[in-house]
1. Please enumerate the residues belonging to the range A:1-32 that are more than 10 Å from chain B (Cβ to nearest Cβ) and polar (S, T, N, Q).
2. Among the residues of the range C:118-127, is any within 14 Å of chain A (Cβ to nearest Cβ) and in contact with a strand residue (DSSP E or B) (Cβ under 8 Å, 6 or more places away or on another chain)?
3. Only one residue in B:T232, B:T196, B:T187 is of a type in the set (S, T, Y), within 14 Å of chain A (Cβ to nearest Cβ) and surrounded by fewer than 19 Cβ atoms within 10 Å (Cβ to Cβ). Which one?
4. Does any residue in the range B:49-61 that is over 16 Å from B:I190 (Cβ atoms) and facing chain A (nearest Cβ under 9 Å) come within less than 7 Å, Cβ to Cβ, of a residue that is assigned to a loop (DSSP other than H, G, I, E, B) and basic (K, R) six or more places away or on a different chain, and which pairs are these?
5. Go through the range C:3-15 and give me each residue that's farther than 14 Å from C:M191 by Cβ and out of contact with any Gly (no Cβ under 9 Å at 6 or more places or on another chain).
6. B:G222 versus (1) closer than 25 Å to B:D168 by Cβ; (2) in the same structural domain as B:I67 (by TED's automatic domain parsing); (3) of a type outside the set (D, E, K, R); (4) in a loop (DSSP other than H, G, I, E, B): which is the lone unmet condition?
7. Considering only residues that are closer than 24 Å to C:R108 by Cβ and free of Cβ contacts under 8 Å to residues at least 40 places away in the same chain, which ones fall in the range C:157-188?
8. Within the group B:I94, B:I86, which residue is under 15 Å from the mean Cα position of the chain (by Cα), closer than 28 Å to A:V83 by Cβ and either within 14 Å of chain A (Cβ to nearest Cβ) or surrounded by fewer than 23 Cβ atoms within 10 Å (Cβ to Cβ) (or both)?
Amino acid sequence: MMREFGLNDVYFLLLAARWTIALTLASTLIGGLIALVVAILRTMPFRLANWLAIGYINLVQGTPVLGQLFIFFFGFSAFGLDVGAWTAAVTAFSIYASAFLAEIWRGSLQSVPKPQWETSAALGLRYFEQLRYVVIPQAVRISLPPTVGFLVQLVKNTSLAYVIGFVELTRAGNMLNNATFAPLIVFLTVAAMYFVMCFSLSLTSRKLERSLHVAH
Amino acid sequence: MFKQITGLAFAVATALAGFMTPAQAELKDILDAGKIRIGVTADVQPFGFLDENNEKIGLDVDVAGMIAEAMGVDLELVTVTSANRISYLATNRIDLTIAAMGATPERALQINFSSPYSALSIGLFGPEGSGVDSLAEVGDKSIAVARGTTQDIELTARAPDANISRYDDDATAASAYLSGQDDLFATANIIASSLTQRDPDNPLKPIEMFRYSPAHVGVPKGSPELLQWVNTFVFYNINNGVLSDLTEKWLGTPLPENFPSL
Amino acid sequence: MSLIELKEVCKRFGNLEVLKDIDLSVDEGEIVAVIGRSGSGKSTMLRCVNGLEPVQKGRIVVDGTDITAPKADLNDLRQRVGMVFQSYNLFPHLSVERNVTLALRVVRKTPEAEARDIAHEMVTKVGLAEKLNAYPDELSGGQQQRVAIARSLAMGPKVMLFDEITSALDPELVGEVLRVLETLAAEGMTMILVTHEMNFARTVGHRVVFMHEGRIHEEGPARATLDSPRTAELTSFLDAVLH
């Protein structure tokens, strides 16, 4: 009954790893866009916007991503809204990523020295022009290491999507373990794949950091 | 901690679904749609698991195929886990769940159970010469078991003070036992005999069999026609011996003469 | 009419009154040197003139625009008022050329080629034509400050505000920056400069304004006022900085 772990299974894990990558990418893109808006609302000189952003960040950071997965998957279907596992997972992880990235980027925006704002204001740039041409380009460099650090966490955290039946790398590993009862080889393979993903992220970040440094 | 959050979340999701009572698929809806969505596991040997080509196979997968064929509709297999199979059913993500599920009064508050379509034996196993001959002699030896399964429920009820280590699934529990993390292993007889086949030098010996554990089809609340149809299907296929043959194929022994029904 | 007009301007930071009833007018082409101890309100006054600091009371009219009016368009005003800071504040991620063209491109929507021509002209004017493609951290403090001046000049301002622009520089670098200011003076640029360089104020400035405890304590023609101060406070201040 219990079969051996074979080459087919490595292929199966690779296919599942695609979903880990897809989920991470989609959440980073959508979450990043939301995070940009939230980080700006959080830092702009307008109290109501600050409060809204703080409320959003606290709400999301204060609830487990697991709970968010459940809300989007089971909660919405209880209201007759049929959300697929992929949609629910992307939604939950985008929101999760948006709050953490917003907080990282807020810090980066605020670490750009205040005189940079003043000088660009004195040159006649409006708030969003100051942000876009002077502050954000400098904040990007500051934010790169912590952002990549978070993305490495995100890659691994996407495995939580298994609770709503989403088959990504960890879940696929679980399924193979229960077919082969060979946890060592199965999870070593799984770990190796996670390592390749996270390590290439770090490599890309280091390259990017260097190129940003050269260009100042 | 993590497991408690998961458990709580599933409970809330299921309760919410029960409270909202989303429109459940009745027999007529399935026939009209021409398709039935059945939840099966992909990580429970030998009921639903992956073969060499990583296709889902197993006793439950075969039963699901028989049901779709008997209804004359297309089959959509949805992968569920032991943890989420009830939530999936209660929130109308699937029409039936065939996931190696035992009936308990607690679970029956949330979903309905059909008559059992198959069964296996569950019990406590250990290595040769463990010095333990019954559950009463376990002492402080640690027992590996898959969390929330029928064997977990039975073990906890029979030996509430035992040193029980709960794992996500049978494979992980088996690894804990085989690696020496735990001294004994509560599981199904079919798992124990498969492990013995793989490594005959270290056989798993039965210490005490808890009981015969029938598996039931889960049917959503509020679908009496569907429940009646599934019961008729099970009755018919036990009577003609098909389900007994299927049980022999996957579990190694046929169903007994007087197989119980609900 | 004067180019800049401050009338009864009051400014508070919380409970701290930093400007008390300031009246000042600056004519076109005039060079006004503002001196005083630190904390006397000189920098704050300068920052009020281009709206970086809001005031609580009084009126400030610059080139016909009342910047204390509730709906004043500060961005429009700031294109006509250049400001250079003590700490240069070049944009570290942009080359010298991009530093100078940024506001032209973004605010004025000047075409790229034209903006570059202006940048060349301004950077040449401050004597740094060969540094056009350098980045700020490759320049000395004096060079950075000259680029900062070129950056402000590129917008074609009617008046330049200089806030202690030589204070952060090593002594040997002060001269090159002051020479740029002399060129501007010779061209007839209207300037208000907060400075500690008394000799420069005396030779280049037309008028000196001495600030003390948030008020304009004494003002008059540069040379005469610095040579023979009328108040005891200015006398003791000059004693302290000159000896």
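1. Of everything in the range A:1-32, those that are more than 10 Å from chain B (Cβ to nearest Cβ) and polar (S, T, N, Q) turn out to be A:T20, A:T24, A:S27, A:T28.
2. No: zero hits.
3. Step by step, each of B:T232, B:T196, B:T187 is checked, and only B:T196 is of a type in the set (S, T, Y), within 14 Å of chain A (Cβ to nearest Cβ) and surrounded by fewer than 19 Cβ atoms within 10 Å (Cβ to Cβ).
4. As it stands, the answer is B:E52/A:R3, since those pairs meet every condition given.
5. C:E5, C:R12, C:F13, C:G14, C:N15
6. Evaluating B:G222 over (1) closer than 25 Å to B:D168 by Cβ; (2) in the same structural domain as B:I67 (by TED's automatic domain parsing); (3) of a type outside the set (D, E, K, R); (4) in a loop (DSSP other than H, G, I, E, B) leaves (1) as the failure.
7. Matches in the range C:157-188: C:L184, C:E187.
8. Exactly one residue qualifies, and that residue is B:I86.
The values are calculated or read from the model by the stated rules, or taken from the named source; none is laboratory data. If you're wondering where the values come from, they're calculated on a predicted model, not measured in any experiment. Positions of Cβ are backbone-derived with ideal geometry, glycine not excepted, and every protein chain shown enters the neighbour counts.
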